[in-house]
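Trainee: Sharing a structure below in structure tokens format, with a few things to ask.
The values are calculated or read from the model by the stated rules, or taken from the named source; none is laboratory data. Nothing here was measured: the structure is a model prediction, and the numbers come from that model. Cβ sites come from the backbone with ideal geometry, for glycine too, and all protein chains shown count toward neighbours. The area values use the complete protein model at the heavy-atom level, side chains included, leaving out ligands, DNA and RNA. Shrake-Rupley method; radii C 1.70, N 1.55, O 1.52, S 1.80 Å.
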Amino acid sequence: MTNWLKDAVFYEIYPQSFQDSNNDGIGDFNGIIDRLDYIKELGCNAIWMNPCYDSPFADAGYDVRDYKKTAERYGTMEDLVRLFEEVHKRQMHILLDLVPGHTSEEHRWFRESGRAAENEYSDRYIWTDAWLMRADGFAYIAGECERNGTYILNFFKCQPALNYGFLHPDKPWQKAMDDPACLATRDAMRDVMCFWLDKGCDGFRVDMADSLVKNDDAVKSGTCEVWRDLLESVHTKYPEAVFVSEWNNPQSAINMAGFQMDFFLDWTGNGYHKLLRDYDESGRDNSFFRKDSDRSILDFLEEYLPKYEAVKERGFYCLITGNHDTVRAAYHLEERELKLAYAFLLTMPGAPFIYYGDEIGMRYLHLPTKEGGYTRTGSRTPMQWTDGINCGFSGADAESLYLPVDTDAGAPTVENQQNRADSLYYTVKDVLALRHAEKAFTQHDNLKILTAGKDLRSFVYQRDDLVFVCNPSGREEQVPWQAAAGEKLFEIGSVCLQKESCLAGAQSYAVFRCI
Ligand code: NOJ
């Protein structure tokens, strides 16, 4: 495990919307540099930045046109390298977003690949061998290129799948994973990673990491084999490079593929979703941290714990406050609910990830789609820094902003949150300060659940000498957990140790050091 990860807390930056330094209405590298001290002060010491490469932006940059060029709107290569340096000056780290499964249809490799005449890139993507041939089980496209075949997509129409081969090819046009063309795709991606590690980034968040090998088996053993090869070779040259996968299967991602970290992703109905976003179309929300919910923490733990246990010796199964694909947690949760939710998420094992603006409770806005965002667009609005023009995001006219700023009365800003001692911002800051101060948080295989039950809303967990009590409900609860004695290190609401149990006030949370 890379040493700095043991104490890492990540801050995710959507570069479009973080800070505009040249008043063109869109965020940029220099703007991020200007805000590094803010991120550090909050208690985050690492950054994941969404794609910042040359792109037509049909999927917000997840459609890469040139992996080795920065998108002009964010700044130059020199600006980005300066960002890496400024991050490191502050003893922080930064991960770029690697998109290995597909490119933009405007990428030169794809243009070459679509030509009728065979060339170096003909098999860089997955093509059938006749224009009328269907690629069954896949989304595929015909009628766009001069080549006599259809090609497979990895996500949107603009994102043709790169060719890493099939686990068991059974059609003439399907290549084996060790076909020279598929090995060349691997080499091309290895080259991209080394390019950016040479420039000074610290690693990558890997987009759709599970999507490489086609017709893979349930545990994705083909894709895992590709990653083992890629990660082992990159680590030989850059032993400290860090990789976190967008996979949501840590047994595959960490134990088989060799990632150090994997995300617990927000999938409708899964254990993570039930914590913060469990609403149906009628708007009813039964997520665990709602004070009026009837959920027990078991709905989360039953899914989380087996995965955590399976990988805890080798890597992190990471929890997020949200990301650029989720609805903001503040959509349905009130400030107190968010405080408890974050206190929990930020004290769990693994490196937590805070999505920009979640620390102040930025809201989800109902907006028309932008750059392929669809319903995700409402979680990608500009960061709200001040109570001034455009909330301090940009000096451009409001109409030329990348997305509208939430200027509603009551919209949180860093400024108004910092002016209120009991704000969400300070809860996040205080919990992170505790996290960095206590040794128990640098161990990541030490989680024990002390009290949790079907009929209980409260739960108690432990990490070495620290015990955490959480009662998300709107009612006081007598929690069956008996501490010998304890020094209270942190508290929201009121939690009192009693003789044979503990009294957790409505919507309370506390951390004790147990003797
Ligand atoms: C997952 C990314 O998080 C999402 O934003 C993107 O649209 C897809 N992968 C496709 O790259």
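Trainee: Would you check if there is a residue in the range 64-73 being crowded, with 22+ Cβ neighbours inside 10 Å and within 18 Å of the chain's Cα centre (by Cα)?
Mentor: Checked against the condition, which is being crowded, with 22+ Cβ neighbours inside 10 Å and within 18 Å of the chain's Cα centre (by Cα), the range 64-73 yields no hits at all.
Trainee: Scan the range 457-483 and report the pairs whose first residue is under 13 Å from Leu497 (Cβ atoms) and open to solvent by 10 Å² or more (accessible area, probe 1.4 Å) and whose second residue is of a type in the set (Lys, Arg) and outside any strand (DSSP E or B), with Cβ atoms within less than 9 Å and a gap of 6+ or a chain change.
Mentor: Gln482/Lys499
Trainee: I'm checking my understanding of the structure. Among residues of the range 321-350 that are outside any loop (DSSP other than H, G, I, E, B) and either among the polar types (S, T, N, Q) or more than 18 Å from Gln384 (Cβ to Cβ) (or both), which one is farthest from the ligand (Cβ to nearest atom)? Give the derivation first.
Mentor: First, pick out the residues of the range 321-350 that are outside any loop (DSSP other than H, G, I, E, B): 329-331, 335-345.
So of that shortlist, the ones also either among the polar types (S, T, N, Q) or more than 18 Å from Gln384 (Cβ to Cβ) (or both) come out as 336-337, 339-341, 343-345.
On the way: Arg336: 30, Glu337: 25, Lys339: 27, Leu340: 27, Ala341: 21, Ala343: 26, Phe344: 24, Leu345: 19 Å.
Checking each candidate, the answer is Arg336.
Trainee: Out of the residues in the range 44-57 that are closer than 24 Å to Gly357 by Cα and open to solvent by 10 Å² or more (accessible area, probe 1.4 Å), which is nearest to the ligand (Cβ to nearest atom)?
Mentor: Phe57
Trainee: Please verify whether the range 50-72 includes one or more residues that are part of a helix (DSSP H, G or I) and of a type outside the set (S, T, N, Q).
Mentor: Step one: list which residues in the range 50-72 are part of a helix (DSSP H, G or I), which gives 72.
Pick out the ones that are also of a type outside the set (S, T, N, Q) and you get 72.
Scanning the range 50-72, I find at least one residue that is part of a helix (DSSP H, G or I) and of a type outside the set (S, T, N, Q), so the answer is yes.
Trainee: Output the residues belonging to the range 129-140 that are away from the ligand (no atom under 16 Å from the Cβ) and either among the β-branched types (Val, Ile, Thr) or not in a strand (DSSP E or B) (or both). Break it down stepwise before answering.
Mentor: At the first step, the residues of the range 129-140 found to be away from the ligand (no atom under 16 Å from the Cβ) are 129-137, 140.
Once the filter is applied, which keeps residues that are away from the ligand (no atom under 16 Å from the Cβ) and either among the β-branched types (Val, Ile, Thr) or not in a strand (DSSP E or B) (or both), the range 129-140 yields Asp129, Ala130, Trp131, Leu132, Met133, Arg134, Ala135, Asp136, Gly137.
Trainee: What number goes with the only condition from (1) under 21 Å from Tyr164 (Cβ atoms); (2) in contact with a helix residue (DSSP H, G or I) (Cβ under 9 Å, 6 or more places away or on another chain); (3) of a type outside the set (Ser, Thr, Tyr); (4) within 16 Å of the ligand (Cβ to nearest atom) that Gly61 does not pass?
Mentor: So Gly61 meets the others, but not (1).
Trainee: For Trp267, are the conditions met, namely being under 20 Å from the mean Cα position of the chain (by Cα), part of a loop (DSSP other than H, G, I, E, B) and among the aromatic types (Phe, Trp, Tyr)? Break it down into steps so the answer makes sense when it comes.
Mentor: Working: under 20 Å from the mean Cα position of the chain (by Cα): yes; part of a loop (DSSP other than H, G, I, E, B): yes; among the aromatic types (Phe, Trp, Tyr): yes.
In short, yes.
Trainee: Under the condition of being more than 16 Å from the ligand (Cβ to nearest atom) and among the aromatic types (Phe, Trp, Tyr), which residue from the range 149-180 is farthest from the chain's Cα centre (by Cα)?
Mentor: Residues of the range 149-180 that are more than 16 Å from the ligand (Cβ to nearest atom), as a first pass: 149-151, 163, 165-180.
This time we only want the ones that are among the aromatic types (Phe, Trp, Tyr), so: 151, 166, 173.
Details: Tyr151: 29, Phe166: 28, Trp173: 35 Å.
Within the range 149-180, the match that is farthest from the chain's Cα centre (by Cα) is Trp173.
Residue-wise test of (1) of a type in the set (Gly, Ala, Ser); (2) surrounded by 19 or more Cβ atoms within 10 Å (Cβ to Cβ); (3) farther than 30 Å from Tyr356 by Cβ.
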| position | (1), (2), (3) |
| --- | --- |
| Ser394 | yes, yes, no |
| Glu399 | no, no, no |
| Ala411 | yes, no, no |
| Lys439 | no, no, no |
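Trainee: Sticking with this one: Taking the range 229-253 only, how many residues are over 17 Å from the mean Cα position of the chain (by Cα), of a type in the set (Phe, Trp, Tyr) and either open to solvent by less than 10 Å² (accessible area, probe 1.4 Å) or within 16 Å of the ligand (Cβ to nearest atom) (or both)?
Mentor: In the first step, residues of the range 229-253 are kept if they are over 17 Å from the mean Cα position of the chain (by Cα); the result is 229-241, 251-252.
Applying the additional criterion that residues be of a type in the set (Phe, Trp, Tyr) yields 238.
Next, from what is left, pick out any that are either open to solvent by less than 10 Å² (accessible area, probe 1.4 Å) or within 16 Å of the ligand (Cβ to nearest atom) (or both): none.
Of the residues in the range 229-253, 0 are over 17 Å from the mean Cα position of the chain (by Cα), of a type in the set (Phe, Trp, Tyr) and either open to solvent by less than 10 Å² (accessible area, probe 1.4 Å) or within 16 Å of the ligand (Cβ to nearest atom) (or both).
Trainee: Mind checking which residues of the range 262-286 are among the aliphatic types (A, V, I, L, M) and within 15 Å of the ligand (Cβ to nearest atom)? Full working, then the answer.
Mentor: Within the range 262-286, the subset among the aliphatic types (A, V, I, L, M) is 265, 275-276.
Within the range 262-286, just Leu265 meets the criteria.
Trainee: Can you tell me which residues in the range 315-350 are under 16 Å from the mean Cα position of the chain (by Cα) and of a type in the set (D, E, K, R)?
Mentor: Listed by number, the residues that qualify are Asp325, Arg328.
Trainee: If you take the residues in the range 191-215 that are buried (at least 23 other Cβ atoms within 10 Å of the Cβ) and among the basic types (Lys, Arg), which one is nearest to the ligand (Cβ to nearest atom)?
Mentor: Arg205
Trainee: Looking for something assigned to a loop (DSSP other than H, G, I, E, B) and over 28 Å from the mean Cα position of the chain (by Cα) - is there at least one such residue anywhere in the range 88-104?
Mentor: Within the range 88-104 (the criterion being assigned to a loop (DSSP other than H, G, I, E, B) and over 28 Å from the mean Cα position of the chain (by Cα)), the answer is no, since none of the residues qualifies.
Trainee: For the structure I just gave you, tell me whether Phe353 is within 16 Å of the ligand (Cβ to nearest atom), buried (at least 18 other Cβ atoms within 10 Å of the Cβ) and either farther than 19 Å from Ile449 by Cβ or over 16 Å from the mean Cα position of the chain (by Cα) (or both). Reasoning before the result, please.
Mentor: Details: within 16 Å of the ligand (Cβ to nearest atom): yes; buried (at least 18 other Cβ atoms within 10 Å of the Cβ): yes; either farther than 19 Å from Ile449 by Cβ or over 16 Å from the mean Cα position of the chain (by Cα) (or both): yes.
So Phe353 fits the description; yes.
Trainee: Evaluate the following for Thr369: is it under 21 Å from the mean Cα position of the chain (by Cα), surrounded by 14 or more Cβ atoms within 10 Å (Cβ to Cβ) and not basic (Lys, Arg)?
Mentor: Answer is no for this residue.
Trainee: Let me ask another. Based on what the data block shows, is Met1 under 23 Å from Leu231 (Cα atoms) and open to solvent by 10 Å² or more (accessible area, probe 1.4 Å)? Give the steps one after another, and end with the answer.
Mentor: Details: under 23 Å from Leu231 (Cα atoms): yes; open to solvent by 10 Å² or more (accessible area, probe 1.4 Å): yes.
Spelling it out, Met1 is indeed under 23 Å from Leu231 (Cα atoms) and open to solvent by 10 Å² or more (accessible area, probe 1.4 Å).
Trainee: Against the condition polar (S, T, N, Q), more than 30 Å from Ser473 (Cβ to Cβ) and either crowded, with 18+ Cβ neighbours inside 10 Å or touching a residue at least 40 places away in the same chain (Cβ under 8 Å) (or both), how does Asn323 come out, does it pass?
Mentor: So Asn323 fails the test.
Trainee: So which residues in the range 303-317 are crowded, with 22+ Cβ neighbours inside 10 Å and not in a helix (DSSP H, G or I)?
Mentor: Selection gives Gly315, Phe316, Tyr317.
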